[in-house]
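The structure appears right after this line, and notes come after that.
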Amino acid sequence: MRSFKTPYLVFLSFFYCIYVKSQVSGKIVDDANTPLEYATAAVYQQQDSSLVGGVVTDVDGNFEISGLKKGKFFLKASFIGFEPKYINNIVIDKQKNNRDLGTIQLMLGNQLSEVVVQANKKSMISKIDRQVFETSQFNSTQGGSGADVIRNLPAVNINGQGEISVRGTTGFVVLLNGKPLQSDPATFIGQLPANAIESVEVITAPSAKYDPEGKAGIINILTKKGALNGSFAQVNIKGGFPSIETYGNEDPHRRYGGDFTYNIRNDRWNVSVGASYQRNDLGGRREGDVYTINNDTLTRFPSAGERSFDEISYNGRLTVDYNLNENNNFSFGFYGGKRTKDRLADIVYYDNHAITPAEGGDRIYTFQYFNHNLRTRKGDFILGSLDYNHTFNDESRLSGSVLYEYTLLGGPTVNQNLGYPDTSVVYQDEYNTNDNPLHGTRLQLDYDFKPLSFGTLEIGYQYRGLNHTGDFVYERQNNDTGEFELVPEFSSDADLKRNIHSGYIQLGNTENKWQYSAGVRLEAMNREYDLKDKTGAIDTTYSYDFVKLFPSASLQYSLNESTDIKAAYSKRIERTTTFKMNPFPEREHSETLEQGDPTLKPEFIDLMEIGITKDLNHGSNIYANGYYRHVKNVVNRVNTVYNDTILNRIYSNVGNAKTWGIEIGSQFNITEKWSNFIGGNLNHYKLKGTFDGRPVNTTSTIYSFNINSTYEFWKTASIQFNFNYLSDRVTAQGEDSRFYSPNLTLQKSFLGDRLKATLQWLNIDMGLFKTNEQRITTSGPHRFYTTTNYIYEVDMVVLNLSYVIKTGNNKSRFIDSEFGKKEF
C-alpha cells in the first residue's frame, strides 16, 4: 500500500501545480461604435456546438470569459434588436491561451418585420467517446416512451420480446442525466416519456469515471432543460384508436395516458413537479410446437392461443435545486410510483401425445387441454437523492451525491391446466407468488482539479450497497381436498447482499488536433447470497468477492476541420440479477420452468473500437465504427428436459465469446425539406464453451438497420416514415427469426407551436407483411425441440396532443430508480 500512495501523491501534486489560465476577451459595440452594456458573449465548442461559457458585457461593452480548456471554439455576440455575430476558429493552446478578439460590431436588425433564421439541426454528433443523437428529429416517438426513441439509433435493436440490445448484446447500463441507474434497461426506458428526452448518448467505450458495469457500454438519456428564469408548464395526452386486429383476444386493448410537467426557476431556486399515468395494452397470440425425449419416449404438444399484455404505470416526481451562491448548489429529488404488468397466455394444446419408442414407435396416449397462465409483475418504488456541488475560486470542483431506494417487487402467477373444450375439468391448478423488498444505497464523491496546462484531472470514490430479499411461495391445489399445498421444490427464501467500493483517477486533454482521455478504476466487490428452502433442509450461503482494476483510454485526431478518427479501449463487468441466481425453479407457464445458478460469476469484458467521422455539406455527416468485444464467463439461458412435458431454462456460465462488428450512420438532406437519418450495424459473434457436459460452439452473423425519413410540407406540418429491421440470428441453442417494424407519423403544430398534434400509424402491416412478428426456435442434441411464433399487434393508430400552458423554459430534472427496476 505504501508503494502505491507515494507516487500517487507525487502524481497529484505534479498535476495540481501546473496551471495556465486561458481566456477570451473583447468589446461589443453597435453600428455607431457605442458600447453595448448587457450584450451577451457566449463561447461554444467548434466541434459539436456545445456551450462552454458565457457572460454579459459591462457598462463599457467589455467582456471576459476565462477558464477555457484547450481546443477550438467559436463565439456568438448578441443583443436584443441586433443581428448576432459569430467569430469562428478561436484556438486555445499553449501558445495562444489569452485571445483578445478586439471590437465586435453588431448591426441593427430589421425592425419592420420579423427575421427568422432557420438551419438544419444535426441529429447526430460524434465525440471522442460517444455518439450523441438529438431526439427532436424522431417525430414518430411523440407521446411514446424512451424505447420508441432509442429504437432509431444505429447500434440499438428491440426484438419481438421487447428486449433491447446494443451492438448485439442486452448487457448495457442506463444513465439518466449522467447518473447511474442500477435497473433493468428495458423497464426503465419503456417508462420514460419520449416527450421528456432531449438527446441520447451511446457511450460504447466508457472512461474510468463511469461505473464499469455494462457489456456493451452505456446509454445516457438526457432530459430537456431550459436555461432562463421563469416558469414552464406542459401537458401531454395520448389516446389510442380501437384495435384493428384483435387476434381473438378476450378483452379489448386500451392505450391512453397523460403526463404533465411544471417548472419554475429564479436565480436561487429551480423547482420541478411532474406526474404521469399510462395504460399500454398490447394484443397478440402465439403459435408453437414442442417435443421432448425422456426415457426413449417422445412427447409432443403443439399449441396456439392468446398472448397479450396489459400494463399500467403511474408516478409522481419532485426535484428542488437551490443555489446558495455562485459556488454552492444543492439538489433534492424524490420519486414514488407504481406499475403493474399482466402477461396473459391462454393457450390450447390441441394434439398432445406421446410415442414410444421415440424412433418409429406407437402413440401411447393422445389428449388436448387448455392452459390459462396469468403472470402479474408489480413494482412499487420510493426513492430520494441529495446532491451537493461546490466550485472553488481556482475553478476546482467538488461534488457529492447520496441516493436511497426502497422497492417492493412481486406479483403472483396463476397456472391452470384445464380440460378442452370442457374447461370445467381441472387437471392442475397452481399458484405462485413472491415478495422481493429491495434496499439500495449509493454514495458518490468526485473532485475535478483546476484546469491544468496539459489537461484536466478528475478523481472520485463510489459506494453501492444492495440488500435484496426474496420470499418465493409455490402452491398446488389438492384435487381431492380443494386446498392449496406448498410445493417445496419450487419454494425458497433468497437473500442477496452486495457491497461495492470503487475509486477512479482520470486525465484528459486537447492538444492542437489531438484529444485524449485515460484513467483507471479500482473496484472491490463483496457478494453474499443466502439460500433456504421452506422445509429448513437447505440453508447455504454462497460468497463471491474480487478486487480488480478497470482501465480505459480514448484517443481522437482531427485530420481536418471536417474529419476525425478515434480509437478507444474499456474494461467492463456485467453483474447478474438476483433472479438469475435463484436455483429453485419458477413456473413460467405450462411447458417451461426458469432456474438460476447461485454460483454465477460476473461477465468480464474487454471492449475496443476504432472509428472515423466526417461532416458533409448542408448539415450532413457520416460515421463508421469498427469494434471488438471479448467476454469471459458468458451467462446464457439454456434449456434442459425437466420431464416429458416441461423444459427447464437455466442461467449458466457457458464459456467465452468474441464479437467483431461495424456500425455505420449518416444524416443527409435530399432537398431542403426532405431530411434522412440511416444507421446500420453488422457483427459476427462466436461463443465457445461447455454446458451440461456438452461442448458449446456457436457462431452467428447479425445485421440490423434503422431508417428515418422526414418531409416538411410547411413550417408547421411534416410526415415521417421510419423502419427498424433486425436480421435472423443464431442463439446458444437455436435461432431467432428476423423482426421488423414500419411506422408512419403525421405532425401538425398550432397556436404558434404551443399545441402539437401527432397522429401515428404504428407497426404497419395491412395483412400484407409479417410486421411485429418473431419466431424463436431452440433444440438440444436428440433431447428436445421448440419453435414458437410470437405475433403481436399491428396497425395501431394513436393520437398524441402536447400543449404548452406556460411558455417559459423547461428546466425539469428528475431522478429515477437505480436498483429496483433491474429486478422488475
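The values are calculated or read from the model by the stated rules, or taken from the named source; none is laboratory data. The shown structure was predicted, so the numbers you read here are calculated from the model rather than taken from an experiment. Neighbour counts are summed over all protein chains in view; Cβ atoms, including those assigned to glycine, are modelled from backbone coordinates with ideal geometry.
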Check segment 546-568 and report whether any residue there is among the β-branched types (V, I, T) and modelled with pLDDT of 95 or more. yes
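Yes/no matrix, rows are residues, columns are (1) among the charged types (D, E, K, R); (2) under 28 Å from the mean Cα position of the chain (by Cα):
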| site | (1), (2) |
| --- | --- |
| I459 | no, yes |
| Y474 | no, no |
| G503 | no, yes |
| E511 | yes, no |
Which is crowded, with 17+ Cβ neighbours inside 10 Å and acidic (D, E), of D539, D533, D495? D533
Being charged (D, E, K, R), without any contact (Cβ under 8 Å) to a residue 12 or more places away in the chain and touching a strand residue (DSSP E or B) at 6+ places or on another chain (Cβ under 9 Å): is that true of E663 here? no
Enumerated strands (runs of 3 or more DSSP E) restricted to segment 349-419, each holding at least 3 residues that are farther than 30 Å from T786 by Cβ, among the aliphatic types (A, V, I, L, M) and not assigned by TED's automatic domain parsing to the domain that holds S66: 362-391, 397-410
More than 28 Å from N582 (Cβ to Cβ) and surrounded by fewer than 18 Cβ atoms within 10 Å (Cβ to Cβ): is that true of N479 in this structure? yes
Filtering segment 55-84 down to residues that are under 26 Å from S558 (Cα atoms) and outside any loop (DSSP other than H, G, I, E, B) yields I65, S66, G71, K72, F73, F74, L75, K76
Name the strands (runs of 3 or more DSSP E) wholly inside segment 710-810 in which the number of residues that are touching a strand residue (DSSP E or B) at 6+ places or on another chain (Cβ under 8 Å) and not acidic (D, E) is 3 or more. 717-726, 729-731, 739-750, 755-762, 773-780, 784-792, 796-807
All positions within segment 75-96 that are at pLDDT 80 or above and charged (D, E, K, R): K76, K85
Can you report the number of residues in segment 420-432 which are part of a strand (DSSP E or B) and hydroxyl-bearing (S, T, Y)? 2
Consider R339 against the criteria (1) crowded, with 19+ Cβ neighbours inside 10 Å; (2) of a type outside the set (S, T, Y); (3) more than 29 Å from the chain's Cα centre (by Cα); (4) over 22 Å from L418 (Cα atoms): it satisfies all of them except one. Which criterion is unmet? (3)
Looking only at segment 592-616, count every residue that is surrounded by fewer than 17 Cβ atoms within 10 Å (Cβ to Cβ) and closer than 21 Å to Y557 by Cα and tell me the total. 4
Is at least one residue of segment 384-399 touching a residue at least 12 places away in the same chain (Cβ under 8 Å), exposed (fewer than 15 other Cβ atoms within 10 Å of the Cβ) and under 28 Å from T592 (Cα atoms)? no
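Conditions tested, residue by residue: (1) among the hydroxyl-bearing types (S, T, Y); (2) under 25 Å from V547 (Cα atoms).
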position: G465; (1), (2): no, yes
position: V487; (1), (2): no, no
position: S492; (1), (2): yes, no
position: H501; (1), (2): no, yes
position: W514; (1), (2): no, no
Surrounded by 18 or more Cβ atoms within 10 Å (Cβ to Cβ), farther than 17 Å from T510 by Cβ and modelled with pLDDT of 75 or more: does that describe L101? no
Give the residue that is modelled with the lowest pLDDT, with candidates limited to residues of segment 452-474 that are more than 22 Å from K580 (Cβ to Cβ) and touching an Asp or Glu at 6+ places or on another chain (Cβ under 6 Å). E458
State whether one or more residues within segment 377-384 are β-branched (V, I, T) and within 30 Å of E306 (Cα to Cα). no
Look through segment 23-38, keep the residues that are modelled with pLDDT of 85 or more and among the hydrophobic types (A, V, I, L, M, F, W, C), and return whichever of them is nearest to the chain's Cα centre (by Cα). V24
Result of the Cβ filter at 8 Å on segment 471-494, keeping first residues that are at negative phi and without any contact (Cβ under 8 Å) to a residue 40 or more places away in the chain and partners that are surrounded by 13 or more Cβ atoms within 10 Å (Cβ to Cβ) and of a type in the set (S, T, N, Q), at least 6 apart or interchain, is D471/N434; D471/N436; E483/Q477; E485/Q477
Scan segment 619-632 for residues that are over 30 Å from T671 (Cβ atoms), out of contact with any Phe, Trp or Tyr (no Cβ under 6 Å at 6 or more places or on another chain) and surrounded by fewer than 20 Cβ atoms within 10 Å (Cβ to Cβ) and jot them down. G626, H630
Assess whether I347 counts as being crowded, with 17+ Cβ neighbours inside 10 Å, touching a Ser or Thr at 6+ places or on another chain (Cβ under 7 Å) and not charged (D, E, K, R). yes
Pair list, Cβ < 8 Å and 6+ apart or interchain, from segment 669-683 residues that are under 14 Å from F133 (Cα atoms) to residues that are crowded, with 16+ Cβ neighbours inside 10 Å and modelled with pLDDT under 85: F677/S123; F677/M124; F677/Q137; F677/N152; G679/N152; G679/L153; G679/P154; G679/A155
